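The values are calculated or read from the model by the stated rules, or taken from the named source; none is laboratory data. All figures in this text were calculated on a predicted structure; none of them were measured in a lab. Because the Cβ atoms are built from the backbone with ideal geometry, glycine has one as well, and the counts that use them run over all protein chains shown. The area values use the complete protein model at the heavy-atom level, side chains included, leaving out ligands, DNA and RNA. Shrake-Rupley method; radii C 1.70, N 1.55, O 1.52, S 1.80 Å.
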Amino acid sequence: GHFECPPYNEQTIRSAYHVRNIEVFKLKQLKRPMDIFMSHDWPRSIYHYGNKEQLLKMKSFFRQEVESNTLGCPAATELLQHLKPTYWFSAHLHVKFAAFVQHETNSKEELPKTTKFLALDKCLPHRDFLQIIDVEHDPNAGDSLEYDAEWIAVLKATNSLINVTPSSWNMPEKNGLHAKWDYSVTEEAIKEVLEELNRDLKIPCNFTLTAACYDPSKPRKNMEPVHTINPQTTEFCAQFGLTDINDRIQQAKEEGSGRGECEEEMDSPGSAEEPSEYNTDNSGLSSFNPDEIMLDEEDGDEDLSTCSVDPSPDHPPEFSTSFSDIRIMPDSMAVSSDDATDSNNEELEKSGGSKQVEEKSPTERSLKRIGADENGNSGVKKIKRRNQAIYAAEDEDK
């Protein structure tokens, strides 16, 4: 359940941002077509749909997890296969990678759907961190953000499943143990949401300041974070009759006689009677990404060895049996002829052409701006960027 709140301990500071099975369950109730899906982590196995060898050339420390098919998030893969969005954008691994997925159809009449996946590098010199994509839209629509009536209806339908304890539990499924397992919404439920809003889906501009702005002239070190109830969330939940999770957590803390019982509950490992659908043991994951933001109290130097280089010819990658054998990159997602498709020109490699490309110094590479086609001793963990020296340097190429 969603149970973490400040002040965090060693366990909750990491589990707070973990994906919950209830979030995956709610998203799987959506039935209407989806244009764009964004996730921090990559869907597991997505590397089988693009130039896998080029990816491993740029990020060699991914090889063990790619070969064992453990790189990425299995929950994201489940959603990719279920929702079949037109585009899927991810981050996390700090490398440019494009892929093309053609989904299986449930019937002969249904047209096959495709998903164009794209991850970009981080914003540094010689890195592929920008790409422009045209998305069809209604030219008569307004510029403001709007609620999605189907999603609001799903939130209302699944509100009873909210849990604010650290115990693990499984979502309802068709296994004879649950009276209801399908929480997808009908057109009538969506119509009710529209009537509640008087068919005005515009999201209100009701931003409220909940924390003091940072003042560099008055630094406040080692401040312990406090649990804050967000007024926008409170208003949103009240409008649609939803449970405000942060408010529920606050109530649980107060009912637990303040801090003691709450911390004792949060430190517990959770119930093992109903294990989570996904394996949470990360002990076997050995990959290390030098570009990632680390929860570390020590300074580290940025490894610049992962700067973009032109790919060498590689052999067609092996594919997971759970994915279709399609790796064609559409033109709209191709940054260059090298980035997205496998090269079969072995003669180039024999002639040493690729070797010459690899031996170019960073100063010889042109900056890429893609158009057509990312110590405290107080005992409190501090998030530090390992590439801070690069951002502060006057000349990043030296």
Mind listing whichever residues of segment 100-114 are assigned to a loop (DSSP other than H, G, I, E, B) and open to solvent by 40 Å² or more (accessible area, probe 1.4 Å)?
104, 105, 106, 107, 108, 109, 110, 111, 112, 113
Here are 173, 150, 136: which of them is open to solvent by less than 20 Å² (accessible area, probe 1.4 Å), within 24 Å of residue 33 (Cα to Cα) and among the acidic types (Asp, Glu)?
150
So, in segment 29-87, exactly how many residues are hydroxyl-bearing (Ser, Thr, Tyr), open to solvent by 50 Å² or more (accessible area, probe 1.4 Å) and not in a helix (DSSP H, G or I)?
2
I'd like to know if segment 197-204 contains one or more residues that are of a type in the set (A, V, I, L, M) and in contact with a Leu (Cβ under 6 Å, 6 or more places away or on another chain).
yes
Of 97, 117, the only residue that is crowded, with 22+ Cβ neighbours inside 10 Å, touching a strand residue (DSSP E or B) at 6+ places or on another chain (Cβ under 7 Å) and farther than 29 Å from residue 31 by Cβ is 97
